[in-house]
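The values are calculated or read from the model by the stated rules, or taken from the named source; none is laboratory data. None of these values were measured; they are calculated from a predicted model. Cβ placement follows ideal geometry from the backbone for every residue including glycine, while neighbour counts extend to all protein chains displayed. SASA here: full protein model, heavy atoms, side chains in, ligands and nucleic acids out. Shrake-Rupley method; radii C 1.70, N 1.55, O 1.52, S 1.80 Å.
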Amino acid sequence: MRIEYKKWFGSGVLIMGLVFFSCTEPDLSDDFPPGDPPPVPGGYNNSSEVSPTNLVAHFTFDGTVDDVKGAITGGVANGNTSWVEGVKGQAYKGSTNGFISYTNPGPIATLTSFTVSMWINTEKHDGGAQGIFALTKEDGSFWGNFFMIIEGNNSTENRMFMKLHFEKNGATNAEHWIEPGGEFRPDNMYGGWRHIAWTYDAASSQVGFYINGERRNLPTGAETRTADASGTPLGELRFKDATRFVIGGFQNQLGTPYNNPEPWMLTYTGALDEFRIYNKALSAQEVSALAVLERQGR
């Protein structure tokens with residue numbers, strides 16, 4: 001959504017405007033009186049102001065697959081892919097054979113904490129799981145280091161079953177799945193733009209899950225990650241042999257050295273916009289600011 005604003009002039013008028021804004025809820029509406037749009041809680045006026053020093057990758061998909069931060073390189077659109085109207089500018093549109101591959105994952109390969117933030121616009125798909133992103137693992141493992149998928153939904157419900165996977169490799173391999181199923185699946189997730197964010201904080205070993213800027217509850221035991229059965233906190237992540245990155249599919253879409261995709265491994269057919277990766281767990285206020293500001297085209 002694009003919004004055009006006209007500036008007000010005159011200090012007296014500006015003061016009146018600030019008083020007026022203090023009585024509104026700007027995070028819940030895209031409609032503002034004439035003048036500069038008010039900041040959202042936290043004092044942010046633009047999504048670029050949200051923890052900029054921790055933003056390690058940003059894919060705007062404004063007619064390009066490139067990471068605007070310039071750290072993730074070698075991007076190629078594979079299969080039938082296109083650009084559609086997004087939340088902010090254009091968005092990537094996948095297909096049953098489309099995905100984006102990158103030969104260099106840059107700082108994603110060394111994440112120890114993270115926030116992944118994105119907008120999706122998709123319909124239900126029947127059977128299988130669609131890959132949203134994947135950081136590869138080229139040691140012959142079945143799963144990649146770090147990925148997100150959306151499971152099929154052939155029910156009458158509009159709840160979405162998403163799964164997040166990440167690892168800590170070392171003397172042992174600690175794989176972690178976050179699978180908020182059942183009543184924890186967010187509702188009303190199809191047929192329009194929805195904001196999704198996942199966070200992991202190495203200092204607390206805590207996972208966060210957000211829909212449209214609001215933190216969601218996770219099943220008992222899902223928030224705190226442990227390194228092993230003894231209950232030792234997971235701490236800093238450690239990926240292994242992370243050499244490539246995929247958007248809109250699984251690592252298997254890349255071919256050798258991976259096995260061919262199994263029948264249930266599907267590419268993402270919906271639209272994707274404003275895909276961001278941070279090297280820290282954003283706060284609830286920061287995630288909310290991203291969702292609100294990007295929805296407002298800021």
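Which loop trypsin sites (Lys or Arg not before Pro) in the range 47-136, with loop taken from DSSP, have no more than 12 other Cβ atoms within 10 angstrom of their Cβ?
On the way: sites: K69, K88, K93, K124; in loops: K69, K88, K124.
Answer by residue number: there is no such site.
Counting heavy atoms of the protein chains only and a 1.4 Å probe, report the per residue accessible area for the range 78-134 as a whole number of Å².
Roughly 35 Å² per residue, with all protein chains present.
What are the aspartates and glutamates whose alpha-carbon lies under 14 Å from the alpha-carbon of K93, with same-chain residues fewer than 8 places away excluded?
Leaving aside aspartates and glutamates fewer than 8 places away in the same chain, those within reach of K93 are D62, E85, E123, D273, E274.
Taking 51 Å as R0, compute the FRET efficiency from the Cβ-Cβ separation of N46 and N97 and round it to 0.05.
Numbers: r = 36 Å, r/R0 = 0.71.
So the FRET efficiency works out to roughly 0.90.
Mind pulling the angle between the C-alpha long axis of helix 284-295 and the longest principal axis of the chain? Nearest 10 degrees, somewhere in 0 to 90.
The answer is roughly 70 degrees.
Could you check the simple spin-label distance between D126 and Q285, using points 7 Å along Cα→Cβ, in nm with one decimal?
Label-label distance for D126 and Q285, simple model: 4.8 nm.
Under 5 Å between amide hydrogens, which residues at least 5 positions from F133 or on another chain qualify, with H placed 1.01 Å from N in the peptide plane?
Under 5 Å from the amide H of F133: M148, G248, G249.
Calculate, in nm to one decimal, what T110 and K240 gain on full extension: separation in residues at 0.36 nm each, minus their alpha carbon distance.
Full-extension gain reported as 45.9 nm.
Which pairs, out of K168/K280; K69/K163; K163/K240, put more than 25 Å between their alpha-carbon atoms?
Over 25 Å Cα-Cα: K69/K163.
In whole Å, what are the Cα extents of the range 153-230 along the three principal axes, biggest one first?
44, 25, 20
Order 241-254, 73-86 from most to least packed using the mean count of other Cβ atoms within 10 Å.
Values: 241-254: 23.2, 73-86: 15.6.
Final packing ranking: 241-254, 73-86.
From the P(r) of the range 80-156, can you give the percent of Cα pairs sitting at distances over 15 Å?
Looking at the range 80-156, the distances longer than 15 Å represent 68 percent of pairs.
Tell me, what ³J(HN,Hα) does each residue in the range 69-84 have, in order and in whole Hz, if you take phi through Karplus 6.51 cos²θ - 1.76 cosθ + 1.60 with θ = phi - 60° and put x for Gly and Pro?
Coupling constants for the range 69-84: 6, x, 8, 9, 10, x, x, 9, 7, 10, x, 8, 10, 7, 10, 10 Hz.
Roughly what percent of Cα-Cα pairs across the range 125-196 reach past 17 Å? It would help to have the intermediate numbers written out before the result.
Working: 1271 of 2556 pairs.
Summing the P(r) tail past 17 Å for the range 125-196 gives 50 percent.
List, in order, the whole-Hz ³J(HN,Hα) value for each residue of the range 238-243 obtained from phi through the Karplus relation with A = 6.51, B = -1.76, C = 1.60 and θ = phi - 60°; use x for Gly and Pro.
Result, rounded to whole Hz: 8, 7, 10, 6, 8, 10.
Given the rule -39500 (n - 2.57) for each run of at least 4 DSSP H residues, summed and divided by the residues of the chain, what is its mean residue ellipticity at 222 nm, to the nearest 500 deg cm²/dmol?
Using -39500 (n - 2.57) per qualifying helix, the result is -2500 deg cm²/dmol.
Stretch T156-E214 to full length: gain in nm at 0.36 nm per residue minus the Cα-Cα span?
Details: separation 58, 0.36 × 58 = 20.88 nm, distance 2.45 nm.
So the chain would gain 18.4 nm between T156 and E214.
To two decimal places, what compactness ratio does the chain give when its Cα radius of gyration is scaled by 2.2 N^0.38 Å?
Normalised Rg, Cα atoms only: 1.03.
Using θ = phi - 60° and the Karplus curve 6.51 cos²θ - 1.76 cosθ + 1.60, what whole-Hz ³J(HN,Hα) does each residue of the range 44-54 get, with Gly and Pro shown as x?
7, 9, 8, 4, 5, 8, 7, 6, x, 6, 9
Assuming R0 = 25 Å, can you tell me the calculated FRET efficiency for the pair N54 and F184, based on Cβ-Cβ distance, to the nearest 0.05?
Details: r = 27 Å, r/R0 = 1.10.
The formula returns an efficiency of 0.35 here.
Ignoring any ligand, DNA or RNA, what whole percent of the accessible area of the chain comes from carbon and sulfur when the probe is 1.4 angstrom?
50 percent
So, how do all the Cα-to-Cα distances of the range 48-118 break down into 10 Å bins, in percent, from 0 on up?
18, 47, 31, 3
Hey, got the Cα dimensions of the range 189-298 along the principal axes, in Å, largest first?
For the range 189-298, the Cα extents along the three principal axes come out at 44, 42, 25 Å.
Please list the non-local residues whose amide H lies under 5 Å from the amide H of Y44, H modeled 1.01 Å from N, same-chain partners needing a gap of 5 or more.
none
Check which residues have an amide H placed less than 5 Å from N173's amide H, if you skip close sequence neighbours.
The answer is none.
Over its Cα atoms, what ratio of radius of gyration to 2.2 N^0.38 Å does the range 104-242 give?
Output field value: 1.06.
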